[in-house]
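Throughout, read-outs are computed from the coordinates displayed, never taken from laboratory work. If you're wondering where the values come from, they're calculated on a predicted model, not measured in any experiment. Positions of Cβ are generated from backbone atoms using ideal geometry, with glycine treated the same way; all protein chains shown enter the neighbour counts.
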């Protein structure tokens with residue numbers, strides 16, 4: 001099944017690119033078109049292999065994660081990144097750093113532990129924030145509600 | 001206990017530091033030119049670090065800070081041949097605290113030729129144009145081509161076979177090549193490279209027959225190349241031996257102009273204040289010397305003059321590209 | 001020449017000069033270790049400071065900084081799988097697996113020794129072989145760059161420890177990602193999904209961080225623990241002296257990789273991002289145990305880091321002799337030279353000999369200083385990271401990835417791109433398509449396309465422009481190298497089967513990624 005799903009996913013990607021084809025110069029399409037055609041051909045081969053050789057599942061079994069754990073990780077990261085334009089680097093960083101640290105504890109955190117994690121978050125995020133904005137003059141996203 | 005107290009004091013220190021910086025950048029509600037600038041000015045380049053714009057900005061940085069009384073910070077926002085930065089500029093607050101390098105003909109040609117460049121030429125308020133680099137036609141030093149006539153004769157012999165390298169698509173180099181082909185009535189092939197840095201070795205290695213490049217390359221490359229024409233009205237002071245296109249019978253005068261822009265809608269007096277600052281920098285003897293040594297041409301176009309130049313060049317390019325059927 | 005060389009050496013031994021080199025090297029290392037802050041940005045940041053100095057001191061500071069920055073990129077690649085620059089991609093391929101096996105200190109030591117040797121060999125080439133190597137580099141035209149990129153892509157054959165088919169699909173996906181944005185030749189606006197932001201294409205550093213680091217962060221957060229062995233254990237043979245001896249006991253790898261780095265560094269338009277990958281591939285090909293690569297093989301780390309520091313000296317060869325910058329940071333240093341009225345060319349070495357040789361020797365001094373400084377700072381950093389509880393390590397890495405993806409273009413969109421690619425990479429990994437092949441395609445795509453289209457344009461005088469790709473002498477050599485490289489894994493399998501008399505399927509054929517060992 002892994003091979004079939006993987007091949008189909010790549011075919012969909014090819015399709016998404018193919019419908020956007022619009023070249024204005026004489027040779028602007030040579031390279032992307034060749035890549036698209038080769039990629040589509042190989043993913044068809046992959047699907048065919050999945051259909052013909054059922055005993056080879058095609059899944060990468062190493063380092064498999066439970067759906068709940070995976071979902072939690074993806075949700076946290078997505079929320080962190082999406083909130084960046086709103087909360088800014090500093091406040092969003094502290095909030096999500098603390099959240100991730102707390103949720104990665106295996107036992108129910110005590111108040112003391114929550115404060116500790118918050119403190120670490122402030123120090124780490126604050127250090128990066130100050131280093132970039134004050135020393136390297138890289139402006140970072142700011143809080144804008 | 002002890003570690004906790006230390007911890008609290010660290011947190012406290014950081015909080016205070018942050019509060020201080022936060023206030024510094026958050027303030028400045030009343031935008032009147034008399035008080036401008038009240039905080040750091042961001043000088044953004046829509047190109048990668050290391051180009052000619054970068055070197056120029058680094059030279060100006062300190063002098064600008066002296067004149068404006070605030071620090072000036074140079075940063076980069078490269079992509080799409082500058083389009084990414086300029087499109088971002090149109091969405092930036094029109095308060096004069098973000099100024100961006102802007103080049104002609106880029107800001108004319110990108111909106112003209114792309115369906116959606118992300119900005120229009122008029123969205124950018126040009127503040128000042130401080131330098132230009134005229135086009136120059138170069139051949140390898142050991143080439144048989146000695147003059148522009150030789151070059152044209154060679155191109156006529158083999159239509160389409162003569163390859164001219166240059167920096168980028170729809171750059172001044174590209175337009176210059178198109179203009180030359182148009183004026184001389186020859187069929188030449190333009191090959192764009194990702195910058196002058198990669199175009200030059202292609203010429204030196206003989207992979208292209210000639211290079212449409214910028215005047216600083218003539219002095220920089222020395223006797224490795226022969227400059228057969230430069231696209232100025234009169235011979236350049238630093239290059240008395242290099243003839244112009246005009247004196248060889250083809251009235252080609254064009255090049256790239258570097259300046260800075262702010263978003264449209266920035267108050268006029270702030271624009272003027274910035275323009276005055278760049279004007280003063282352009283008169284600094286040290287800087288003038290550094291520019292001249294690199295065969296940059298100093299230009300002094302204020303906001304109105306820059307707009308006029310843009311209008312004039314737009315007409316020229318539009319006419320050329322329409323005749324060549326390159327405008328979509 | 002030797003007289004000026006001696007003068008340069010003496011100038012470098014002055015305490016003030018040594019201090020300057022130390023400052024440059026150290027700050028370069030610190031900046032290089034930050035993903036998203038490239039050596040180019042760092043050097044540009046430093047330029048205004050050098051205006052206040054005399055030309056020699058200014059150039060020495062910039063050169064030392066550049067050398068240190070290229071080395072510093074290895075730290076994050078090894079410790080958290082975040083290659084700080086494209087020059088350290090191959091370092092992560094084996095450096096991070098070493099970290100997962102509890103051998104991160106060994107990896108840091110290997111990177112340090114490799115960077116030192118690479119830096120020195122690059123400088124030696126710069127001193128003694130600059131003119132002939134510079135004219136050799138000019139023989140590389142568009143066609144040759146196309147074949148160099150193709151040669152780089154053959155690495156997929158050896159990267160894909162699992163299925164070759166899936167490796168190829170990954171590589172092609174990378175090539176496809178590279179076509180997003182303005183076409184490098186022709187200026188077509190392609191595959192922007194209607195967003196003008198994507199005209200700039202998929203930025204390399206956020207993509208690198210996304211494809212390599214984010215899947216690891218996902219795993220750390222989901223599992224809540226490190227892998228069992230990720231905590232370093234001290235073994236008898238892991239004493240510093242033993243580690244250094246072990247690395248130096250394979251000098252061929254060190255020297256070969258450094259030479260590859262130097263040569264690729266000379267080619268403007270290729271540079272460190274290609275050099276480290278090619279050197280890695282050659283190290284694997286030459287190895288007696290190629291199957292250990294990708295699973296924590298110190299030779300892989302050493303090869304990659306020797307090569308990328310070799311590009312420093314190599315890149316200065318065309319910069320100083322032709323006035324053509326070999327790498328982006330060289331472009332800035334070239335600009336500084338010109339501002340001081342120093343014109344590159346053969347005569348520069350004669351007219352401004354003392355300055356040029358002081359600068360070149362300072363690069364070597366910086367490479368030497370990297371060893372003690374790197375062993376102290378690098379191992380200190382490594383101990384710190386290893387001692388950090390995983391619940392702080394995971395969000396700490398995330399903080400770093402966000403800032404790294406953002407800083408290169410000051411753009412939030414780049415952070416989104418990083419996360420999207422990271423999640424996609426995790427999912428593709430599940431079906432056996434590894435991130436390394438995608439990165440390879442992304443790095444080489446633009447070089448390949450540029451060479452292809454430029455080659456057709458410049459040979460438009462020929463009856464059939466295509467033929468120029470197959471008739472030029474260096475192109476033919478490169479084509480042969482491509483064929484050999486692509487076929488090598490099969491040749492090796494057969495040879496193994498013959499000598500050992502065992503079936504060639506000793507390595508699991510599919511469904512296993514490169515991290516089989518740690519589970």
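Taking a temperature of 10 °C and a viscosity of 1.306 mPa s, what whole-number D in µm²/s does Stokes-Einstein yield for the stretch A:67-135 with Rh from Kirkwood over alpha carbon pairs? For these conditions, the coefficient is 123 µm²/s. Normalised by 2.2 N^0.38 Å, with N the number of residues, the alpha-carbon radius of gyration of chain A equals 1.58.
Against chain B, whose longest principal axis is taken from its Cα atoms, helix B:2-26 shows a tilt of about 60°.
Based on Cα atoms of the stretch A:2-52, Rg over Rh with Rh as the Kirkwood radius reads 1.10. Relative contact order of the stretch A:55-145: 38 percent, from C-alpha pairs under 8 Å at least 6 residues apart in sequence. Contact order for chain B, expressed relative to its length and based on alpha carbon pairs under 8 Å spaced 6+ residues apart, stands at 23 percent.
Here the residues B:235, C:190, ranked from fewest to most Cβ neighbours within 10 Å of their Cβ, fall in the order B:235, C:190. The ranking of A:34, C:366, C:306, C:158 from fewest to most other beta carbons within 10 Å of each one's beta carbon is A:34, C:158, C:366, C:306.
Over all Cα atoms in chain B, the spread is summed up by Rg and Dmax: 22.9, 90 Å.
An ellipsoid equivalent to the stretch A:104-145, defined through the eigenvalues of its Cα gyration tensor, has semi-axes of 29, 12, 8 Å when rounded to whole angstrom and sorted largest first. Where only DSSP H runs of four or more residues are counted, the protein assembly as shown gives -20000 deg cm²/dmol as its mean residue ellipticity at 222 nm, each run worth -39500 (n - 2.57). Across the protein assembly as shown the C-alpha pair distances fall into 20 Å bins from zero in the proportions 13, 46, 35, 6, 0 percent. For chain B, DSSP calls about 60 percent of its internal beta bridges antiparallel. Take each residue of peptide B:58-65, count the partner chain Cβ atoms within 10 Å of its Cβ, and average: the result is 3. The Stokes-Einstein estimate for the stretch B:69-204, based on a Kirkwood radius over Cα pairs and taken at 37 °C with 0.692 mPa s viscosity, is a diffusion coefficient of 190 µm²/s. Put simply, when C:400-408, C:472-480 are sorted by average Cβ atoms within 10 angstrom per residue, most first, you get C:400-408, C:472-480. Taking the C-alpha atoms only, the angle from helix B:268-282 to the longest principal axis of chain B is near 60 degrees. Summarised in one figure, the compactness ratio Rg/Rh of the stretch B:209-328, Cα atoms and Kirkwood Rh, is 1.02.
Legend: ranking of residues C:499, C:458, B:314 from fewest to most surrounding C-beta atoms inside 10 Å; resulting order C:499, B:314, C:458. Taking N as the residue count of the stretch B:40-96, its C-alpha radius of gyration divided by 2.2 N^0.38 Å amounts to 1.16.
Here the translational diffusion coefficient of the stretch C:327-409 follows from Stokes-Einstein with Rh set to the Kirkwood radius across Cα pairs; for 37 °C and 0.692 mPa s it amounts to 195 µm²/s. Per residue of peptide A:109-118, the mean number of Cβ atoms on other chains within 10 Å of the residue Cβ is 1.
Remark on chain C: hydrodynamic radius 23.2 angstrom, per the Kirkwood mean of 1/r across alpha carbon pairs.
Over the stretch B:134-255, the hull volume per residue, using the convex hull of the C-alpha atoms, is 86 Å³. DSSP assigns beta bridges within the protein assembly as shown; of those with both partners inside it, close to 65 percent run antiparallel. Taking the longest Cα principal axis of chain B as reference, the axis of helix B:172-184 is set at about 20 degrees. Its Cα gyration tensor gives the stretch C:117-178 an equivalent ellipsoid. The semi-axes, each the square root of 5 times an eigenvalue, are 33, 17, 9 Å from largest down. In plain terms, if you count all Cα to Cα distances in the stretch C:266-319 and split them into 5 Å steps from zero, the share in each step is 4, 23, 27, 18, 13, 9, 5, 1 percent.
Convex hull of alpha carbon positions in the stretch C:1-114: directionally averaged projected area 8.0 nm².
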